[in-house]
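Visitor: Okay, here's the structure, questions in a sec.
The values are calculated or read from the model by the stated rules, or taken from the named source; none is laboratory data. What you are looking at is a predicted structure, and each value in this text was computed from that prediction instead of being measured. Here the Cβ positions follow ideal geometry from the backbone for every residue, glycine too, while neighbour counts run over all protein chains shown. Quick note on the areas: whole protein, heavy atoms, side chains included, nothing else; ligands and nucleic acids left out. Shrake-Rupley method; radii C 1.70, N 1.55, O 1.52, S 1.80 Å.
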Amino acid sequence: MRPTYADPPRLTLPALAETPCRLAVMPDNPTQADLEAVYITRGAGIVTCNAARQLAVDTLKAERSLIDQWLAQRPKR
């Protein structure tokens, strides 16, 4: 069976890459303990958000590479 070249390859973007980032916010009338808790929670949220962004970028780059390979293998018209 000969391969078909009708459509370029597509990768599915992982759900994590499409999930909005959520960062902790201070409650009304915060205490010092609230400040410390939000500081740590927000830091973890930023790390998670950066990982999701990197996942989206890596997926896009991989898809572009696959499309480049697909274009190179298509029969010349």
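Visitor: Using a Förster distance of 30 angstrom, determine the FRET efficiency expected from the C-beta separation of Glu36 and Val57, and round it to 0.05. Provide the component values of the computation, followed by the final result.
Guide: Numbers: r = 32 Å, r/R0 = 1.07.
Calculated transfer efficiency: 0.40.
Visitor: Compute the length gained on full extension between Trp70 and Cys21: take 0.36 nm times their separation in residues and subtract their Cα-Cα distance, giving the result in nm to one decimal. List each step's numbers first, then the result.
Guide: On the way: separation 49, 0.36 × 49 = 17.64 nm, distance 3.36 nm.
Length gained, Trp70 through Cys21: 14.3 nm.
Visitor: Taking all protein chains in place and a 1.4 Å probe, what share, in percent, of the accessible surface of the chain do carbon and sulfur account for? Please list the in-between numbers first.
Guide: Working: 3820 of 6580 Å².
Roughly 58 percent of what the probe reaches on the chain is carbon or sulfur.
Visitor: Which one of Ala24, Val38, Ala62 is farthest out on the positive end of the charge dipole of the chain, using unit charges on Cβ (Lys, Arg +1; Asp, Glu -1) and the Cα centre as origin?
Guide: So the residue we want is Ala62.
Visitor: Let me ask something else about it. Sort 26-38, 50-62 by packing, meaning the average of other beta carbons within 10 Å per residue, with the highest value first. Each step should come with its number before you reach the end.
Guide: Numbers: 26-38: 10.8, 50-62: 13.2.
With the highest mean Cβ count within 10 Å placed first, the list reads 50-62, 26-38.
Visitor: Send over the Kirkwood Rh of the chain, from the inverse of the averaged 1/r over different Cα pairs, rounded to one decimal Å.
Guide: In the chain this quantity evaluates to 15.9 Å.
Visitor: For the chain, what is the charge dipole size about the Cα centre, in debye to the nearest 20, if Lys and Arg each add +1 at the Cβ and Asp and Glu each add -1 at the Cβ? Intermediate values should be presented prior to the final figure.
Guide: Values: 10 positive and 8 negative charges, 166 e Å.
Magnitude of the dipole: close to 800 debye.
Visitor: While we're here: With a probe of 1.4 Å, find how much accessible area the range 1-75 has per residue, and write the answer as a whole number in Å². Mind dumping the intermediate values first?
Guide: Working: 6150 Å² over 75 residues.
Result: 82 Å² of accessible area for each residue.
Visitor: Let me ask another. At a probe radius of 1.4 Å, what is the per-residue accessible area of Ile40, in Å² to the nearest 10?
Guide: Accessible area, nearest 10 Å²: 120 Å².
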